[in-house]
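Accompanying notes for the structure given below.
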């Protein structure tokens, strides 16, 4: 059996990841292609409990503790969900993966990138996405979209502007360093146009692995 395809979505707060993940789900549900969708942090019972700690707007933790909790969630997700699904030949679509750690904890929290990459690879068992879609939007758009959400903002969303500026720049640097894997998309474009481009990218990468 051919190995599946590992697809991830990345972006700063309000970039439109969740919308595009949903649209890709709706498309794949109409096909015979086997797939699963998951998210980080979360995706498993343990991961969801860790997610609650990580996004709690009243929670406080060191940047190192934050990184290790995220990595624990990732390790469990890879072990319980991602690797088994890929072995079954499924498309695995994940809302965030270790690129987010480099952007948020590396550039945002200013932790050393080399150490973070070692932690990432340990937690993920050296697993890397086959294709990553980075939805890039201006900070002003991000803030406007976050303010428009009908829920309490989480701990990351409440960070100051300079933090989010560093995260956005971090994502762009991560993408520039791995242009074959990371596809940068303008997140301000029409949702359906973006969804069509994402579908094309997924199907093209899937065909190249068969």
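Within region 168-190, restricting attention to residues that are part of a helix (DSSP H, G or I) and either within 15 Å of the chain's Cα centre (by Cα) or at pLDDT below 95 (or both), which residue is nearest to residue 95 (Cα to Cα)? It would help to see each step written out before you state the result.
We begin by selecting, within region 168-190, every residue part of a helix (DSSP H, G or I); these are 168-177.
Those still in the list that are either within 15 Å of the chain's Cα centre (by Cα) or at pLDDT below 95 (or both) too: 168, 170-172, 174-175.
On the way: 168: 17, 170: 18, 171: 15, 172: 18, 174: 17, 175: 16 Å.
The extreme case among them is 171.
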request  = Determine whether residue 70 is in contact with a strand residue (DSSP E or B) (Cβ under 9 Å, 6 or more places away or on another chain), closer than 21 Å to residue 132 by Cα and at pLDDT 95 or above.
outcome  = no
key: Residue check for residue 193: over 21 Å from residue 73 (Cβ atoms) and either within 18 Å of the chain's Cα centre (by Cα) or surrounded by fewer than 17 Cβ atoms within 10 Å (Cβ to Cβ) (or both)   = yes
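Can you tell me which residue among 135, 69, 86 is buried (at least 23 other Cβ atoms within 10 Å of the Cβ) and in contact (Cβ under 8 Å) with a residue 12 or more places away in the chain? Before you say what the answer is, go through the steps one by one.
Numbers: 69 fails: buried (at least 23 other Cβ atoms within 10 Å of the Cβ); 86 fails: buried (at least 23 other Cβ atoms within 10 Å of the Cβ).
One residue alone meets the criteria, 135.
Identify all residues within region 117-132 that are surrounded by 13 or more Cβ atoms within 10 Å (Cβ to Cβ) and within 9 Å of residue 71 (Cβ to Cβ); write none if there are none.
The first filter runs over region 117-132 and keeps only residues surrounded by 13 or more Cβ atoms within 10 Å (Cβ to Cβ), leaving 117, 119-121, 123-124, 127-132.
Matches in region 117-132: 119, 120, 123, 124.
Name the residues in region 108-166 that are assigned to a helix (DSSP H, G or I), over 28 Å from residue 191 (Cα atoms) and within 17 Å of the chain's Cα centre (by Cα), would you? Break it down into steps so the answer makes sense when it comes.
Of all residues in region 108-166, those assigned to a helix (DSSP H, G or I) come to 108, 113-123, 139-147, 161-166.
When the remaining residues are screened for being over 28 Å from residue 191 (Cα atoms), the result is 113-123.
Correct list: 116, 117, 119, 120, 121, 123.
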key: Unique residue being in a helix (DSSP H, G or I), over 27 Å from residue 140 (Cα atoms) and at pLDDT 95 or above when the list is 36, 82   = 82
note = Those residues of region 52-63 that are at pLDDT 95 or above and either in contact with a helix residue (DSSP H, G or I) (Cβ under 9 Å, 6 or more places away or on another chain) or under 18 Å from residue 92 (Cβ atoms) (or both) come to a total of 1
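Quick one: would you say residue 15 is surrounded by 22 or more Cβ atoms within 10 Å (Cβ to Cβ) and in a loop (DSSP other than H, G, I, E, B)?
Details: surrounded by 22 or more Cβ atoms within 10 Å (Cβ to Cβ): yes; in a loop (DSSP other than H, G, I, E, B): yes.
In short, yes.
The values are calculated or read from the model by the stated rules, or taken from the named source; none is laboratory data. Given the structure is predicted, the values throughout are model-derived calculations rather than measurements. Cβ sites come from the backbone with ideal geometry, for glycine too, and all protein chains shown count toward neighbours.
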